[in-house]
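Report on one structure; see the data block that follows.
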Amino acid sequence: MFQTISVCRLSSNSISQEEVDIASSCPYCGTAIIPELLYASLVEDFEDDSNNKLFILNFCPNCNECFVSRHSYDESSGTYSFESSTQINFFHIDFSKNIENLFPNFVSIYNESAQAESLGLTSICGMGYRKSLEFLVKDYAISLHQEDSAKISIMPLAQCIDQYIDNSRLKTLAKASAWLGNDETHYVKKHVNYGLNELKAFITATVTYVDAELAVLDAEKLLSS
């Protein structure tokens, strides 16, 4: 989303108004946001305007963290396009104790993918999110069907979802996440109206349902004891 903002030009310490494509998500919490812009500074190349770089200090209203975004000059439009954003400090996306303890590979891969996205590596982070989903679904299926561990480990993700996920809503979310994750690994996307934000939203919802299913199992153990 483009906004006209006040920018400090480092060369002259003067203020100008520039149209900038601001960051659309937070590299800490991964949430789609409209950040609060705390400060913007322009580094100019007086020999070639196309090399101008704009840096913005952003505040995320969702997780209360600050991050830096980088924007490049587009000569054809006279605006600054979003390039990447990065955390000021390394971050860790927290999950519930059950998820952290039972599915550490998922947690690790998901956080690595989120870190890649925060650094502007949007061409590869989707593949990482897709990989994290596979580890979550298969490890969850194995936790319920340990006798089929070897079989589950090597079967395609879609087949695993169909055969080992019984909850209909969880199955729907996992399948939709897999479809969008596959789009991130293929040359041609099948679902062009969906992107990383939807993929992350579906995976997050999948995690929530897995967490709920684990809580139900714990409750059933309690009631049967």
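Name the chymotrypsin sites (Phe, Trp or Tyr not before Pro) in the stretch 136-225 that are in a loop by DSSP and that have at most 15 other C-beta atoms within 10 Å, would you? Loop-located and lightly packed - Tyr187. Between the listed residues Phe106, Tyr129, Ile33, the Cα displaced farthest toward the positive end of the dipole of the stretch 1-135, a dipole computed from Cβ unit charges relative to the Cα centre, is found at Phe106.
If you restrict to DSSP beta bridges whose two residues both lie in the stretch 10-168, what percentage is antiparallel, to the nearest 5? All intermediate terms of the calculation are to be shown ahead of the outcome.
Working: 23 of 24 bridges.
Of those bridges, close to 95 percent are antiparallel.
For the stretch 126-224, what is the convex hull volume of its Cα atoms per residue in Å³?
It is 93 Å³ per residue.
With every protein chain left in place, what is the accessible area per residue of the chain in square angstrom, probe 1.4 Å?
Numbers: 12340 Å² over 225 residues.
Roughly 55 Å² per residue, with all protein chains present.
Taking the Kirkwood radius as the inverse of the mean 1/r across Cα pairs, report the Rg/Rh of the stretch 51-181.
When Rh is taken as the Kirkwood radius, the ratio is 1.11.
About its Cα centre, the chain has a charge dipole of approximately 720 debye under the convention of +1 per Lys or Arg Cβ and -1 per Asp or Glu Cβ, with nothing else charged. A DSSP coil position with no more than 12 other Cβ atoms inside 10 Å describes the following chymotrypsin sites (Phe, Trp or Tyr not before Pro) in the stretch 82-139: Phe90.
Non-local lysine pairs in the chain, meaning eight or more places apart or on different chains, with alpha-carbon distances under 13 Å, amount to 4. Tyr164 sits among other residues whose Cβ lies under 14 Å from its own Cβ, and their net charge, with Lys and Arg +1 and Asp and Glu -1, is -3.
Taking label points 7 Å from Cα along the Cα-to-Cβ direction, Asp162 and Val192 give a separation of 2.8 nm.
Please get the size of the charge dipole for the stretch 1-102, origin at its Cα centre, with Cβ charges of +1 on Lys and Arg and -1 on Asp and Glu, quoted in debye to the nearest 20. Mind dumping the intermediate values first?
Values: 4 positive and 15 negative charges, 100 e Å.
Taking the Cα centre of the stretch 1-102 as origin, the dipole is about 480 debye.
Once the piece of chain linking Tyr39 and Ile88 is laid out straight, how much longer is it, given 0.36 nm per residue of separation minus the C-alpha distance between them?
On the way: separation 49, 0.36 × 49 = 17.64 nm, distance 1.44 nm.
That works out to 16.2 nm of additional length.
Checking Cβ-Cβ separations below 4.7 Å across the chain identifies Cys8, Cys66, Cys125, Cys160 as cysteines lacking any candidate disulfide partner.
Met1 sits with roughly 110 Å² accessible to a 1.4 Å probe, with DNA, RNA and ligands left out of the calculation.
May I ask you to work out the translational diffusion coefficient for the chain at 25 °C, viscosity 0.890 mPa s, via Stokes-Einstein with Rh from the Kirkwood sum over Cα pairs, reported in whole µm²/s? Write out the running numbers ahead of the final one.
Working: Rh = 19.6 Å.
The diffusion coefficient I find is 125 µm²/s.
If you roll a 1.4 angstrom probe over the protein chains with everything in place, what fraction of the accessible area of the stretch 42-196 belongs to carbon and sulfur, to the nearest %?
On the way: 4290 of 8440 Å².
On the stretch 42-196, the fraction of accessible area on carbon and sulfur atoms equals 51 percent.
Each 5 Å bin from zero holds the following percent of Cα-Cα pairs in the stretch 1-122: 2, 11, 19, 20, 16, 12, 8, 5, 3, 2, 1, 0. Per residue of the chain, the DSSP helices (runs of n ≥ 4 H) give a summed -39500 (n - 2.57) that works out to -14500 deg cm²/dmol at 222 nm. Summing +1 for each Lys or Arg and -1 for each Asp or Glu, what net charge is found among the other residues whose Cβ lies under 15 Å from the Cβ of Ala40? With Lys, Arg at +1 and Asp, Glu at -1, the net is -3.
The values are calculated or read from the model by the stated rules, or taken from the named source; none is laboratory data. Because the structure is a prediction, the values reported are computed rather than measured. For neighbour counting, all protein chains shown are included, and Cβ atoms are generated from backbone atoms with ideal geometry for every residue, glycine included. Just the protein is used for accessible areas: all its heavy atoms, side chains included, with ligands, DNA and RNA removed. Shrake-Rupley method; radii C 1.70, N 1.55, O 1.52, S 1.80 Å.
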